[in-house]
Structures are given as structure tokens and as C-alpha cells.
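Only one structure is covered here, and it is reproduced in the block below.
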Amino acid sequence: MDEPKPLDSLFQEKLFRIPDYQRGYAWRDVQLIAFWEDLVNLPPSRSHYTGQLMLKEVPAAEVSNESKEYWLVTDHSFKLYHVVDGQQRLTTFVIFLQSFLDVLRSLPENKGKSDEAIYVSDTLSVAAVQAKFLFMLKPPNDQFRTYKFGYTIDNPSDEYMRHQVMGEVGAGNVTETFYTLNLSNAKKFFTDQLRSWHAAEGSTGLQELYRTLTKRFLFNEYIIKDEFDVFVAFETMNNRGKKLSDLELLKNRLIYLTTLYGDDELDPSQRADLRSTINDAWREVYFQLGRNKHKPLNDDDFLRAHWTMYFKYSRKTGKDYIKFLLDEQFTPKSVHKKVVHPVELEAAEEQMYDPDAEIDGENQAEEVLPVAPIATAKLRPNEIRDYVKSLKMSAVHWFATFNPSLTGTLTKSEIEWIERLNRLGIAYFRPMVMALLKSFDDPKKRIVVFKEIERFIFVMFRLTQQRANYGSSEFSNAVRAIDRGELSIDDLRKQIKERMAISFDPEHGFYLFGDFQSFLQKKFDTGSGQGNRTLISFRSKDCVVIAEVKPLVVEWRVSRMEVPSDERTSSHCFQ
């Protein structure tokens, strides 16, 4: 590894691209503030070590002649690199520099001037800075930009970065996600900081920031020669200020495993197709998790929920799911496992040479030689493919459990019921709702179960005050059975009802209020004792419980709405 390089050296004849399988821009205010403080507080005599930049060169032969990079690679000796590690820092540098140039253009003394006539320093124009760090225009008519740094064209953040951050014209409907929100926030942050800095320090202050960033922020550049090493290295790394999530580690592990199969199990075209399937799945997962830009979903929550549905349930908390995925299911040894096919051998007796003995061919024992062990994988490539396809599809429905009104695919009634469950507190039933949306196409059948889930949560958790994990093991197993097509809607509904039996009179079917009364009495006993009464209520669409707690006695009354039911009694909540 060479000595650390400044940014103005790193960008010489290089094009950087973020591969489509990596997450989007993840830095938020904490990391942006740290970056800014590192920049403005760096003493004049010091340099700042920014971190490692790990790159994988894309062979020139693999650069499509239809790509915007082609002319620079073939005609101008540029090299194209995928950024394996360091993308968050490089993205931040580019956003900062674009913000810097925009602020410079907006100064009163520069209004109306061309980029060639606006100077960052005495000899360096805005146009020259753009060509060095941001993009180059293809001559002779400069029809399109080729960016020095950006995303691969099929990455969801590509268009947003080009049009909304870099100012390229001609944007259509640009998709916004949690990651594009981070890009937007970073640009706004640096724009505001630079304007304030200029107000305090003047143009000289801006020039010093530019020199500090481009000449005294240093990277260790490491270029990986072997594709095998990319995935091994990436899995062990963290980006500065933002650790890799379990979802990212898993993605890289799966890609790495595709490199371990022999050509007899996965030929080059199949290997490329499987890797494309993995990348496509993660692209969709990242999009869905960041789809609501104001309320992004947690990577690891989704991964655990899918693990419960696809593999197993565990009462343990913490990282049991990722330990299973990385240490048991998707491991290199699972791919390298050698299986010896069983071979039946006939017994044979060693024969001594006797020249006087009569040779009888019919009496000679025939020896069957063992077949050589065949190296086969315990974890088959199609198992990886099936898993990532399930992950991709499930991400769509996981998003729907949180944001039903944003999906555009659910009926009005389904949206109402899922929103009702979220208001009530969906507890551990969210993976079940995801599985129902994934496995059953009939909205009416799904709503039947949504109603039973609401009833269960209302009665067992809100009234009876059962422990939060009551029935969790049984229903988590049911989630897996739903995903595998082993459990019908009717059987699931019956299962939920049976789990509620302890709260109902076995003969008449009415709700037993003893536990609820005890709960209210405890509320009163532990209260302040002030006032004449306390009013407690629980509500769902079809059920309303109102309880009055008075000194020395608990009085309660129930108001309930009658709804159609296929049971003998018609109260949805209590019978």
C-alpha cells in the first residue's frame, strides 16, 4: 500500500462508481458535523487521515461502448473503478465540492459570469475544478456529462445524485428514498455551512477550505487485483462512523459464496446470473426499507422478521438470527462440504497362487471398486436463489405492514385494517401480516385474519394483560407454515381462536372479566389515591371497554358494538 494520497491526486485519470449492490448514502447529521469540524479545525501545518479507499478495477474490455465512461476509458487512458470501501467519504467529498461551487457562483460578484470566469483561486477556475473532480463534457458538442464519481446507472440513487445534487438538467420523475433524502440533507447542510463561513471569513476563507480538503485530506488507496479478495475484504470492514448492517454483511457473504462453487456446479453464466439475482434483490430491499424517506425501516428488524418466516423462530433476543445466517446456513464450509456417495461392495477373499489348482471362473469372487468421492455442495446454488427471491418479495410486504396507504396495491379495507393494527399495537404479529400479504392473493381472506389478530391483541394483551410473548412461539411457527403453503386461512383463524380460550367461559363463550378486574384493582392500589375515580378505556373499531376505578372497589361497564359473526354469539370482541 502506498503512502496516503490527497484527493487531488486520487482523482487523476480515475472514474469511481458505487456498485448497485451496495447500500445508498447513509451519512446523517452526526457524520456530516464530524466531517465539517475536521475540515475547519485542521491546523495549517497538519494533514487529516480520512481513511482507506478500497477499489476494484473494472477491466477496459468490460466497459460497454454504450456507456458514458467508454470515451474516457478508450480515448483518454482513464480507468474505471468500483468502490468497495470508502464510498460514504467519497460521496461526502463530492457533495461538499458541488455545494462549494454552487455557493461560489451565487456570490454577488460572480452573478452572470461563466464558470471559466469564476475563480476558486488565482489560477483555478470553477470549470477547471469541475473537470478535475466532478464531471467532464464530451467534445465536440458537449452533449452529455461523464461523472468522475457516481453510482452505477441501475442504482436507485443514480438519477437523484445527477439531477438533484449535481444539477444536471432534464430530470423526469426521480425516485426518492431514505438514501436520497440523506443526499439532499448533506447538500443542504454544506450549502448552509459554506454560506455562513463566507459571511464570517470571506472569499479567502473559502479558498482555504478548498485547499485543505483537496490537498490535506489523505486516503490510503488500495486497489484489489483479485475478485475473490473483494468480498472477503468488504465483509470485514466498516465505513467511517457507520458500521455495516447485518443485511449488508449477509449480502456480501452470499456474493462471496457464489465464487466458491466449481464450474461443474455453477458455470460462469450461471454464476453471473446468480450474482445478478442477489444484487437485484438487495436493490429492491434497500428501496423498500428507505421508501418512506421520513420514516425509514430498520435493516435488521426486517432481516430478523424474514428469518423467522423463512427458517426458524427463537425466543432469544439480540443477534441470534444473524449468527444462524452467517455461522450456520450461509457458510463457506456449507459450499465446500464433500459427500461420498454410498457404494455397495461385494466381499472378496484373497486368492493364493497355486499352479496345480483348477481355475473355475464361476467360483471367483468379483470385486466392485468404490466410486471416487464426488465433491458436491451441501448448500445448493438454487437454495441461495430461492432465499434471496423470498427476501426481495418480502421487503415489499414488510413495507406495506408499516405504510399500507403508500403501497398502491392494497384495497381500501385492507389499508384500514392494517392501520388499525398499527394503532392498537401490532405486537409480534407483523411477520404474520407480511406472510399473509405475500402468500394469499384474496384481500377478503387476509382481512378475516386481520380481524382475528385485532381481537386477539385487544383481548389478550389489552384486557387480560397476558405477557407480551404469550403465544409468540406458536404463531411464529404459523408464519413459517403460511410462507410454505402448509397452513390455510381457516386453520390459522381457528388456531388464533383456540389460543384465546383461556379468557372465555367454556360453556357460554362469554369473556371472563376476572383478570381484567384484577388489573384495574392493581392500577388503583398503586395509584396516588387522589380524586374520587379513575377512568380507563380500551378501544378498537368494534369494541369499547370503559372502567371506573373508585376508592375501595372496582366498578366496570362494557360498551360493545354488535357485528355480524359466524359464531352463536355476535360480539366480535368478547364472545
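So, in region 148-160, exactly how many residues are without any contact (Cβ under 8 Å) to a residue 40 or more places away in the chain and either under 14 Å from E69 (Cβ atoms) or open to solvent by 80 Å² or more (accessible area, probe 1.4 Å) (or both)?
Adding up the residues that qualify gives 2.
Quick check on my filter: what residues within region 223-251 are open to solvent by less than 60 Å² (accessible area, probe 1.4 Å) and modelled with pLDDT of 65 or more?
Result: I223, I224, L244, S245, D246, L247, E248, L249, L250, K251.
So in region 105-119, with the set limited to residues that are open to solvent by 50 Å² or more (accessible area, probe 1.4 Å) and part of a loop (DSSP other than H, G, I, E, B), which one is nearest to V129 (Cα to Cα)?
Across region 105-119, the extreme among qualifying residues is S114.
Out of everything in region 70-104 that is over 22 Å from H163 (Cβ atoms) and in a helix (DSSP H, G or I), what residue ends up being modelled with the lowest pLDDT?
That would be D75.
Would you check which residues across region 167-222 are open to solvent by 10 Å² or more (accessible area, probe 1.4 Å), among the hydrophobic types (A, V, I, L, M, F, W, C) and over 18 Å from F133 (Cα atoms) and list them?
Answer for region 167-222, where residues must be open to solvent by 10 Å² or more (accessible area, probe 1.4 Å), among the hydrophobic types (A, V, I, L, M, F, W, C) and over 18 Å from F133 (Cα atoms): V169, A171, V174, F178, L181, F189, W197, A199, A200.
Every residue, every condition in (1) surrounded by 17 or more Cβ atoms within 10 Å (Cβ to Cβ); (2) under 10 Å from the mean Cα position of the chain (by Cα); (3) within 14 Å of L257 (Cβ to Cβ), yes or no:
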site	(1), (2), (3)
D273	no, no, no
R283	yes, yes, no
R291	yes, no, no
A305	yes, no, no
T308	yes, no, no
K319	no, no, no
I322	yes, no, no
L325	yes, no, yes
T331	no, no, yes
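Out of all the residues in region 65-79, is one or more out of contact with any Gly (no Cβ under 6 Å at 6 or more places or on another chain), open to solvent by less than 60 Å² (accessible area, probe 1.4 Å) and among the small types (G, A, S)?
Scanning region 65-79 turns up at least one residue that is out of contact with any Gly (no Cβ under 6 Å at 6 or more places or on another chain), open to solvent by less than 60 Å² (accessible area, probe 1.4 Å) and among the small types (G, A, S).
Return the residue satisfying two criteria in turn: it lies in region 17-51 and is touching a Lys or Arg at 6+ places or on another chain (Cβ under 7 Å) and within 25 Å of M136 (Cβ to Cβ), and of such residues it is modelled with the lowest pLDDT.
D20
Any residue in region 210-222 that is under 16 Å from K14 (Cα atoms) sitting within a Cβ distance under 8 Å of a residue that is part of a strand (DSSP E or B) and among the β-branched types (V, I, T)? List the pairs, counting only those 6 or more apart or interchain.
F219/T50
Where residues in region 426-451 are free of Cβ contacts under 8 Å to residues at least 60 places away in the same chain and in contact with a His (Cβ under 7 Å, 6 or more places away or on another chain), which of them is nearest to E416 (Cα to Cα)? Step through it out loud before you land on a result.
Taking region 426-451 first, the residues free of Cβ contacts under 8 Å to residues at least 60 places away in the same chain are 426-429, 432-433, 436-450.
So of that shortlist, the ones also in contact with a His (Cβ under 7 Å, 6 or more places away or on another chain) come out as 437-438.
Details: L437: 14, K438: 18 Å.
So the residue we want is L437.
Name the residues in region 293-303 that are of a type in the set (D, E, K, R) and open to solvent by 50 Å² or more (accessible area, probe 1.4 Å), would you?
K293, K295, D301
The values are calculated or read from the model by the stated rules, or taken from the named source; none is laboratory data. Keep in mind the model is a prediction, meaning the values are calculated, not measured. Glycine gets a Cβ as well: all are built from the backbone with ideal geometry, and neighbour counts include every protein chain shown. Heads up: the accessible areas ignore ligands, DNA and RNA and are worked out on the full protein's heavy atoms, side chains in. Shrake-Rupley method; radii C 1.70, N 1.55, O 1.52, S 1.80 Å.
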